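Taking it in order: structure first as structure tokens, then the write-up.
The values are calculated or read from the model by the stated rules, or taken from the named source; none is laboratory data. These numbers were taken from a predicted model, which means no experiment stands behind them. So basically every Cβ, Gly included, is an ideal-geometry build from the backbone, and we count neighbours across all protein chains shown. Side chains included, ligands, DNA and RNA excluded: accessible areas come from the protein's heavy atoms. Shrake-Rupley method; radii C 1.70, N 1.55, O 1.52, S 1.80 Å.
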Amino acid sequence: YVGGQMVGLSQGIKENNAALELLRVASLCNEATVGNKADSDVHGDPVDTALVKAALLAGLDPEQVRKDTPRVNEIPFSSERKMMTTIHTRDGKNFAFTKGAPGPVLAHCTCCQEGTQEYALADSHCQAIRQRVTELQGQGFYVLGVASRELPTGVSVDQAENEMTFVGLLALIDPPRPGAAEAIGRAQGAGIRVVMITGDNGLTAQAIAKTLGIGGRVMDAREMGSLTAPAL
């Protein structure tokens, strides 16, 4: 989701400069390694490898992108922050690129970008992002937010994630394995209660659970942690 519209890998993405820039940033703020520029030679975290493979399918060369904009520092991902930031240099300037859960990423932004225009976060152009996130998660997508910032001289790494510009969303799907729904159905038929535990957003989890025939009730870890033992 970039420039106010959804763009698929098969929808003329090679001619869409905004979408290509989003994939460039996703390749930079990324820990996956690329071998011979082939999909089969990308290694690392499943989400990072999926983003690099998407860049390759869009006609980009992630390794060249990294050479043109080398990494000089980073703020690692953590489950508490739910995002990561890498700092790069290009043409004598420093840039911070962030990807992570859309909510936390948006919380570090002051504006959003559509083409050459930037809008304040309270503007309707930016508010549409949150609605789109909810729609995508409700369809079972794993959604990432992406933001960037040109760093003024003297800004420390600790301040790199402040006053960022929201660039776009990346939506990935990790469908259930073939036969999973049938296996769950057999377990339930045998009197076994099936529970799904996941790191996904609640809406995403609910959509996937529905396709598998698992109940639709979602409990967040924070809510579960506040329960007494009898209540649990």
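Annotations
- Failed criterion for Glu63 (all others in (1) open to solvent by less than 30 Å² (accessible area, probe 1.4 Å); (2) over 17 Å from Asn17 (Cα atoms) hold): (1)
- Members of the stretch 1-20 found to be open to solvent by less than 70 Å² (accessible area, probe 1.4 Å) and either in contact with a Pro (Cβ under 7 Å, 6 or more places away or on another chain) or not aromatic (Phe, Trp, Tyr) (or both), listed by number: Val2, Gly3, Gly4, Val7, Gly8, Gly12, Ile13, Asn16, Ala18, Ala19, Leu20
- Of the numbered criteria (1) open to solvent by 30 Å² or more (accessible area, probe 1.4 Å); (2) touching a residue at least 60 places away in the same chain (Cβ under 8 Å); (3) closer than 27 Å to Val157 by Cα, the one Ala50 fails is (3).
- Exactly one residue among Val167, Val143 is crowded, with 18+ Cβ neighbours inside 10 Å and either among the charged types (D, E, K, R) or in contact with an Asp or Glu (Cβ under 9 Å, 6 or more places away or on another chain) (or both), and that residue is Val167.
- None of Ile87, Ile173, Ile75 is closer than 28 Å to Lys210 by Cα and touching a residue at least 12 places away in the same chain (Cβ under 8 Å) except Ile173.
- Scanning the stretch 126-140 for residues that are buried (at least 17 other Cβ atoms within 10 Å of the Cβ) and within 17 Å of Ala18 (Cβ to Cβ) gives Cys126, Ile129, Arg132.
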